[in-house]
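Down below is the structure, laid out as structure tokens.
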Amino acid sequence: MSSSLLFLLLLAPASTLEFRYHSNGEIQQYLMQVNASNPDIAHLYSIGTTGRGQQLWVLALGVSARRHTVGVPEFKYVANMHGNEVLGRVLLLQLVEDLVRGYRSNEAWTLRLLGGTRVHVLPTMNPDGFDDADTDCVFSQGRFNSNGADLNRGFPDAFAALRQQNVEPEVRAVIDWLKTETFVLSANLHGGALVASYPYDNSNGGPELVGRASITPDDDVFVHLAKVYSYSHAWMSRGDMCKENRPFQDGIINGYQWYPLQGGMQDFNYVWAQCLELTLELSCCKFPPPEELPALWMDNKKALLAYIQQVHLGVKGRVFDGSGVPVENAVVEVGGRQDLCPFRTNQYGEYYRLLLPGNYTFTVEYPDHEVLTETINVPYGPDRFSAKRHDFLLRRLASLTGLAPAKPTQADLTPTCNHRSTLEGGGARAAPTRGLLTVGLSFLVVLRSLAD
């Protein structure tokens, strides 16, 4: 963008965003204007480029938009992964407009949300596909990226036989993005149906396969999240609005039960980045007529906001070692929830666990420290815009001459398969081995290729 155009944008007063399909260039200009006009709550950044060199712009909103704040969860929305499924582009721009307007108007709800949440918005993950798309409701022109690839089939899949593969630039950008932030909750916005779909999307026929569904250890939370969206939406919970599709009870569906999908983004987020993600299908028509956009925004507005608020479910806190220092890569697990990859603390020693209200037994492990087990009562946090806070204080193992070496803890034995070092391709000793599958060392090759 030229300096003169940027100067004009800085001078331009904020105006109501039009209900229409904006070009990729117009989206960039709008995000730059919001960023320039709201430096106290907005931060615009790019996570990479597409095959044709277009920037993948993300706008972060929050009272500390430029950087992570300990105790403030990271949330993200991603739209237009399939280039011809376009409603999400419009909805996320309107969401940005609504949040900024609410903050500037001192609306209490928005102030509380942005005061305790950092919200990241990627309006288009596939701008190249959008450029190629036509306006057909069903057919797939523009679905793929400029290399003819379906981005929602291009992520490493814990249930598949992994192999060396070319990773699409848009997929690489998202994986690199996951290295930079500890995202807690996410959704990707699609079109062509009206349903909230939740993991797993795939299965290898192991114990995760229950009936026709592929069930995660956090299935109760995923069902809750999907229902929050469907029942906050104007129509989704009815489950039968798109007559050409099957009815969906409560407007939700397990991804695998709907149809198996290999290489999907929501499974990758959950397994490898400990971020719970839904796939939201938000319009029967993939490219709704422009005159329907205001009504579609009103159908989804409440649900989009209610879903963000769910990032405050459960419990959050930090893990400190025997010297009182917050530690990275400590295993923080919840009894009865044996994830393929154990949840671990980030570089600030933080953990976030989305949980429904109840009593949970936590086990915390870190090398050279005693295993800590504590039971925590978890209330419903979203109403207060904060999950329950609970820190874990570890005790260092006694070191006495003549004693046998300490038995390795689970933190020593479990591979760092969903920690940022694994996403970067370094430090992982193996792929997930817990519970229901063993993927070979080939996964390391894939992840190393992603980090190059």
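Kindly put L61, L280 in sequence by how many other C-beta atoms sit within 10 Å of each C-beta, fewest to most.
So the residues, fewest neighbours to most, are L61, L280.
Which of the pairs K179/K316; K179/K243; K227/K316 have their Cα atoms more than 30 Å apart in this structure?
With Cα atoms farther than 30 Å apart: K179/K243.
Full extension from Y348 to W235: what is 0.36 nm times the residue separation minus their Cα-Cα distance, to one decimal in nm?
36.6 nm
Taking amide H atoms as placed 1.01 Å from N in the peptide plane, list the residues 5 or more away in sequence, or in a different chain, whose amide H sits under 5 Å from that of Q54.
Close amide H contacts, sequence-distant or interchain: none at all.
Please find the FRET efficiency linking D136 to R66, where r is the Cβ-Cβ separation and R0 is fixed at 35 Å, and quote it to the nearest 0.05.
That gives a FRET efficiency of 0.30.
Give, as a single signed number, the net charge of other residues whose beta carbon lies under 13 Å from the beta carbon of N245, with Lys and Arg counted +1 and Asp and Glu -1. Intermediate values should be presented prior to the final figure.
Working: positive: R238, K243, R246, K286; negative: D240, E244, E281.
After counting each charged neighbour, the total is +1.
Separation of the range 319-386 and the range 31-80 by C-alpha centroid, Å?
The two parts, judged by their Cα centres, are 28 Å apart.
Say R0 is 45 Å: what FRET efficiency, to the nearest 0.05, do D250 and A36 get from their beta-carbon distance? Display every interim value, and only then the final one.
On the way: r = 42 Å, r/R0 = 0.94.
Efficiency at R0 = 45 Å is approximately 0.60.
Shape of the range 87-190 from its Cα gyration tensor (a ≥ b ≥ c, root eigenvalues): rounded if a/c is under 1.5, otherwise prolate when a/b > b/c, or oblate?
Judged from the Cα gyration tensor, the range 87-190 comes out oblate (a/c at least 1.5, b/c at or above a/b).
If I model a spin label at Q338 and R384 as a point 7 Å from the Cα along the Cα→Cβ vector, what separation in nanometres do I get?
3.4 nm
Read-outs throughout are calculated quantities, based only on the coordinates presented, and are distinct from any laboratory measurement. Predicted model, so just to flag it, every value in this text is computed and none were measured. Ideal geometry is used to build each Cβ from the backbone, glycine not excepted, and the neighbour counts take in all protein chains shown.
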